[in-house]
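Computed from the coordinates by the stated procedures, all read-outs in this text should not be read as laboratory data. Since the model is a prediction, treat every value here as computed from it, not as a measurement. Quick reminder, even Gly has a Cβ in these numbers, built from the backbone with ideal geometry, and neighbours come from all protein chains shown.
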Amino acid sequence: MSTGSYAATGPRGSQQPPPRDAECSQQRLAETRARAHARCVVCGARDDGPARLCFTVTDNGGVEAHICINDDFEGYDGILHGGIIATLLDAAMTNCLFAQGRRGLTAELLVRFRHPVVTGTPLRLWAGVERSSPPLFVLRAEIRQTGQVRATAVGKFMAPSSGRD
């Protein structure tokens, strides 16, 4: 497997892996998540049904999810709590690695809160790989609401050294 940067770009010019068969990537995402991340509070399966948050592989090799979060997760009235925003961005980047058939532990997470994320309004969560140099992966994520970027993140992920899968 080669290392280094990818050539294709996603939102705001971030580099993405070359296009892959979306169905194959979606299967890899589901299998890796089920094997290594089944109990995740954000995207793991609930005891009573399907996954909490489902990600779909995009044509550019990233992942996205659409969700509307109610006021149970507010910080200030009508505004999604910043810790929840950071958690969603981290989960998106983790699932993007799963779509590549990889696992990674968050080593660093830089979140920029650009505009309030409003509760009760649908949002789009997106993530893509910016750089892949195993065991280090750099990913980018964003939350959009009503067409506006509300929060962004850059995360550095390290492949687990334990070999546990």
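Being in contact with a Ser or Thr (Cβ under 8 Å, 6 or more places away or on another chain), among the polar types (S, T, N, Q) and assigned to a strand (DSSP E or B) is the filter here, so list the residues in region 119-165 that pass it.
Within region 119-165, SER132, SER133, GLN145 qualify.
Given the options ASP90, ASP71, name the one that is crowded, with 20+ Cβ neighbours inside 10 Å and touching a Ser or Thr at 6+ places or on another chain (Cβ under 7 Å).
ASP90
Kindly establish whether ALA153 is surrounded by 16 or more Cβ atoms within 10 Å (Cβ to Cβ), touching a residue at least 60 places away in the same chain (Cβ under 8 Å), in contact with a strand residue (DSSP E or B) (Cβ under 7 Å, 6 or more places away or on another chain) and closer than 17 Å to LEU29 by Cα.
no
Please state which one of GLU108, GLU130, GLU142 is within 15 Å of the chain's Cα centre (by Cα), acidic (Asp, Glu) and surrounded by fewer than 20 Cβ atoms within 10 Å (Cβ to Cβ).
GLU108
Please find, within region 53-75, the residue that is farthest from LEU29 (Cα to Cα) out of those that are without any contact (Cβ under 8 Å) to a residue 12 or more places away in the chain and not small (Gly, Ala, Ser).
Among those that are without any contact (Cβ under 8 Å) to a residue 12 or more places away in the chain and not small (Gly, Ala, Ser), it is ASP72.
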